[in-house]
1. Would you please list the contacts, defined by Cβ atoms under 9 Å and residues six or more apart or on different chains, that run from a residue in segment 142-160 that is touching a residue at least 12 places away in the same chain (Cβ under 8 Å) to a residue that is part of a helix (DSSP H, G or I) and aromatic (Phe, Trp, Tyr)?
2. Taking into account only those residues within segment 96-112 that are surrounded by 13 or more Cβ atoms within 10 Å (Cβ to Cβ) and not in a loop (DSSP other than H, G, I, E, B), which is nearest to the chain's Cα centre (by Cα)?
3. For segment 129-143, what are the residues that are over 22 Å from the mean Cα position of the chain (by Cα) and either outside any loop (DSSP other than H, G, I, E, B) or not aliphatic (A, V, I, L, M) (or both)?
4. Quick check on segment 124-137. Is at least one of its residues outside the structural domain of Leu163 (by TED's automatic domain parsing), under 30 Å from Ala190 (Cα atoms) and among the hydrophobic types (A, V, I, L, M, F, W, C)?
5. Within segment 42-53, identify whether any single residue is at pLDDT below 65 and either part of a helix (DSSP H, G or I) or closer than 30 Å to Asp113 by Cα (or both), and answer yes or no.
6. Quick test of your reading of the structure: Thr162 fulfils all but one of (1) within 21 Å of the chain's Cα centre (by Cα); (2) farther than 30 Å from Pro47 by Cα; (3) hydroxyl-bearing (Ser, Thr, Tyr). Name the failing condition by number.
7. Here are some residues: Phe188, Phe115. Which one is over 30 Å from the mean Cα position of the chain (by Cα) and either at pLDDT below 85 or not in a loop (DSSP other than H, G, I, E, B) (or both)?
Amino acid sequence: MNRPNRWRWRLLGSLVGAGLLQLAQANSTPPSTPDSSSRAAGDPADPPQWRLLQERCSKCHNSEDWAGGIAFDTMSPKDIASDAETWEKAMRKLRGRLMPPPGNPQPDQQTIDGFVSWMEGELDHASAGHPSPGNVGIHRLNRTEYAREINAILGLKVDVKTLLPVLCATNRLMQRGGSLSKIVNHCFNAACS
């Protein structure tokens, strides 16, 4: 690498490093807005279940201590949807009675159950607008799926009933020896025609 390019890379690395350092400082410094200080006192518009966080959790999980990397005093019920992963972890810890930690004053079971139930309802309501059905594992396509994929990929309408064999238990095609090669041959012939 020649000398001018080396200086460009160093300058670029310095700028990127300074930007990352500034970003890390901005993210690690809790916001000191009037809104976050009023969160500790509680907002009368907050649901009654939210008091559990203010009374029990915010003593350790606050913007000064950041126990577990969470500051409940900077959060509001309106932000539940954006912090769903954090709230899921909190629900697991509450259900398992891991929080508040053993040895600290514990809320009664009815209070915990009420909070967990309310929070699950809030999370379910938030996720209803953004369903994520997950992934489909690798599997052999049935006739309908095969026809849909051929249409999507090649733009062809195929009559799979005439091209592909019936694969049900009554004709025992799947249980006879060599049936896999027959299925592959039928599928290959259907694709070629």
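1. Val158/Tyr146; Val160/Tyr146
2. Restricting attention to segment 96-112, the residues satisfying the condition of being surrounded by 13 or more Cβ atoms within 10 Å (Cβ to Cβ) are 99-100, 106-107, 111-112.
Narrowing further to those that are not in a loop (DSSP other than H, G, I, E, B): 111-112.
On the way: Thr111: 27, Ile112: 24 Å.
Only one residue fits best here, namely Ile112.
3. Passing the criteria: His139, Arg140, Asn142, Arg143.
4. Yes, there is a match, as at least one residue in segment 124-137 is outside the structural domain of Leu163 (by TED's automatic domain parsing), under 30 Å from Ala190 (Cα atoms) and among the hydrophobic types (A, V, I, L, M, F, W, C).
5. yes
6. (1)
7. Details: Phe115 fails: over 30 Å from the mean Cα position of the chain (by Cα).
Within the list Phe188, Phe115, the selection yields Phe188.
The values are calculated or read from the model by the stated rules, or taken from the named source; none is laboratory data. Please read these numbers as outputs of a predicted model, since none were measured by experiment. Every residue, glycine among them, receives a Cβ derived from its backbone with ideal geometry; neighbour counts consider all protein chains shown.
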